[in-house]
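For reference, the structure discussed in these notes is given below.
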């Protein structure tokens with residue numbers, strides 16, 4: 001049975017010196033292999049993670065102002081990054097609460113049984129869900145509270 005590269009799926013002729021070889025020698029495939037290894041190493045090896053952070057910290061202290069200059073030289077990158085960050089921020093935000101005129105004449109809720117699922121710090125808590133029955137009284141009905 002022929003072996004295939006885990007990245008490009010081309011036929012792989014394994015090197016005898018590389019045990020359990022899964023990737024061919026193509027640059028793209030080797031980059032993917034290293035990237036997967038590094039991701040796993042960062043997730044499982046705290047010493048590797050700490051050493052890498054220290055090395056990055058040292059590089060930043062030796063190259064102060066690098067990113068400021070980079071952004072000045074690459075305005076397209078800066079704009080793209082700004083737009084991506086806006087999108088990430090938008091996705092992180094809590095859901096907006098509808099005000100009185102949000103439906104604009106349409107009734108979105110019909111009478112029936114619904115499952116209410118609470119949010120705790122943005123996380124859905126399915127275990128605490130409640131089944132409720134909602135009856136729509138009428139469209140445009142305003143309730144006035146009468147006090148004795």
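The slack in the chain from residue 9 to residue 31, taken as 0.36 nm per residue of separation less the alpha-carbon distance, amounts to 6.4 nm. Full extension of the chain between residue 60 and residue 121 gives 18.5 nm of extra length, using 0.36 nm per residue less the Cα-Cα distance. Sorted ascending by nearby beta carbons within 10 Å, beginning with the fewest, 78, 44 become 44, 78. In this simple spin-label model, placing a label point 7 Å from the Cα along the Cα-to-Cβ direction at both residue 128 and residue 76 gives a separation of 4.9 nm. Sorted fewest first by neighbouring Cβ atoms within 10 angstrom, 17, 46 come out as 17, 46.
In terms of other Cβ atoms within 10 Å, 8, 24, 29 run from fewest to most in the order 8, 29, 24.
Multiplying the residue separation of residue 136 and residue 39 by 0.36 nm and subtracting their alpha-carbon distance yields 29.7 nm. For segment 1-31, the residues whose backbone nitrogen is under 16 Å from a point 7 Å from the Cα of residue 48, taken along Cα to Cβ, are 31. The alpha carbon gyration tensor of segment 23-62 gives principal lengths a ≥ b ≥ c with a/c of 1.5 or higher and a/b no greater than b/c, which makes the shape oblate.
Any read-out appearing in this document is the output of simple, stated calculations on the displayed coordinates, not a laboratory observation. The shown structure was predicted, so the numbers you read here are calculated from the model rather than taken from an experiment. For neighbour counting, all protein chains shown are included, and Cβ atoms are generated from backbone atoms with ideal geometry for every residue, glycine included.
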